[in-house]
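These notes are about the structure you will find just below.
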Amino acid sequence: MTKPVILTGIRSNEEPTIANYLGAFLPIIDMQKKFSGEYQINMFVPDLHSFNTPIDHTALYRNTLNNVKYFIAAGLNLDDPSTFVYRQSFIPAHSELAWILNNFTYMGEMGRMTQFKEKSSEHSESVTVGLFDYPVLMAADILLYNAKYVPVGEDQFQHLEITRDIATRFNNKFGDIFTVPDNTANQMKFINRDNGLRIRSLTDPTKKMSKSSSDVKSKILLVDEPEAARKKILSATTDSLGVINFDWETQPGITNLLQMLAILSGRAQDDVNEEWVGKTAYGDFKKAVAEEVVKFLTDFQAKLNAITDEALVAKLEVSESAMANVANETLLRAQRVVGLRP
Ligand code: TYM
């Protein structure tokens with residue numbers, strides 16, 4: 001029997017942040033540990049997605065390999081035969097299916113994508129067709145492997161929903177070609193969270209922490225020196241209310257830190273809140289959060305430094321060959337029904 005597929009990806013446009021780890025790496029790695037062998041795990045690097053906004057192209061190939069290393073340092077077990085790590089551009093079926101799906105996707109629905117609106121206003125001098133179209137490529141990434149669960153941060157929920165819409169539309173027209181991934185509410189239940197995760201910027205907690213932000217104090221990179229990360233937490237923007245409270249509306253900075261503390265320490269949010277809510281010493285609280293971040297980064301980076309390129313490339317090649325077969329089967333089903341193949 002084929003195993004249900006859990007799939008996620010992280011672009012190699014910039015160094016990943018602790019928000020990427022908490023939003024996307026941790027849920028899938030937790031699932032792997034909890035249900036060892038029951039699911040197929042696909043963790044891939046959408047390298048073709050990585051330059052829909054300007055990047056340093058001389059660093060792309062290296063960053064892509066590094067991202068795979070980050071999966072491993074975060075705890076992904078590559079010895080599990082049901083776990084696959086791969087690079088999107090090494091499996092050409094991704095771009096081929098995306099092109100087919102483009103013709104079953106409407107400008108109107110794509111124009112509503114919040115990420116496109118936000119990113120196109122940030123990069124208004126260079127809004128590319130790639131930036132506009134990337135949710136369709138993301139749909140292909142998911143549908144090629146019949147994925148049921150796609151752990152992502154809250155900023156990607158809209159893209160998951162459009163994937164479901166495209167797949168359902170295609171299936172209604174041509175029969176059961178694609179597995180439609182679960183809706184976002186079920187995705188959350190599956191990874192045992194109440195809602196989508198959105199870690200906030202440390203300097204402007206009304207915004208999400210973003211790896212592409214030029215404000216280095218707003219984000220903690222997975223490769224930040226632990227002591228530099230400690231300083232960023234200690235100087236994180238909070239508020240002048242003077243009492244710790246879990247409230248995204250009035251105290252987003254403090255609430256963001258409470259949330260990070262809970263997830264990083266593996267404790268329930270209620271438990272962490274019980275310890276800190278009502279207290280007035282922001283300094284002590286920040287020290288506790290900073291300590292947890294330092295602990296996490298120290299451990300993560302020790303694991304990262306022990307990973308060799310050789311072991312990585314060997315696993316990538318095996319995974320890419322196996323996943324190309326799966327992807328090509330799905331692509332062929334789609335090519336047949338649209339009339340490209342007999
Ligand atoms: P990307 O590379 O921008 O981000 C990778 C993952 O990190 C999550 N994330 C966050 N989670 C919580 N708080 C934040 N502040 C935060 N910022 C980012 C993202 O939600 C994401 O899960 N389009 C995707 C990559 C992609 C993909 C896919 C994901 C391409 N194809 C197929 C899943 C399945 C992206 O741009 O993620």
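None of the figures in this text is laboratory data; all of them are computed from the coordinates on show. As the structure is a computational prediction, the values presented were derived from the model and not from experiment. Glycine gets a Cβ as well: all are built from the backbone with ideal geometry, and neighbour counts include every protein chain shown.
Just checking: which of the helices (runs of 4 or more DSSP H) contained wholly in the stretch 21-117 hold 1 or more residues that are within 16 Å of the ligand (Cβ to nearest atom) and crowded, with 19+ Cβ neighbours inside 10 Å? Write out each step before concluding.
Values: elements: 26-34, 60-73, 93-102, 107-111.
Those helices (runs of 4 or more DSSP H) span 26-34, 60-73, 93-102.
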Of all residues making up the stretch 321-342, the number that are out of contact with any Lys or Arg (no Cβ under 9 Å at 6 or more places or on another chain), over 14 Å from residue 145 (Cβ atoms) and of a type outside the set (Gly, Ala, Ser): 4
Any hit, the stretch 206-216, residues being assigned to a loop (DSSP other than H, G, I, E, B), aliphatic (A, V, I, L, M), within 13 Å of the ligand (Cβ to nearest atom) and under 16 Å from residue 10 (Cα atoms): yes
Test: residue 265 is hydroxyl-bearing (Ser, Thr, Tyr), in contact (Cβ under 8 Å) with a residue 12 or more places away in the chain and within 16 Å of residue 16 (Cα to Cα): no
Pair list, Cβ < 9 Å and 6+ apart or interchain, from the stretch 94-115 residues that are closer than 16 Å to residue 333 by Cβ to residues that are buried (at least 16 other Cβ atoms within 10 Å of the Cβ) and acidic (Asp, Glu): 94/141; 97/141; 98/133; 98/141
Any hit, the stretch 262-284, residues being among the aromatic types (Phe, Trp, Tyr), farther than 27 Å from residue 31 by Cβ and away from the ligand (no atom under 14 Å from the Cβ): yes
Scope the stretch 149-172; condition farther than 16 Å from residue 103 by Cα and either within 10 Å of the ligand (Cβ to nearest atom) or touching a strand residue (DSSP E or B) at 6+ places or on another chain (Cβ under 6 Å) (or both); matching residues: 149, 150, 151, 152, 153, 154, 155, 156, 157, 159, 160
Inter-residue pairs, beta-carbon under 7 Å, first under 14 Å from residue 16 (Cβ atoms) and in the stretch 35-63, second among the β-branched types (Val, Ile, Thr) and in a loop (DSSP other than H, G, I, E, B), 6+ apart: 45/10
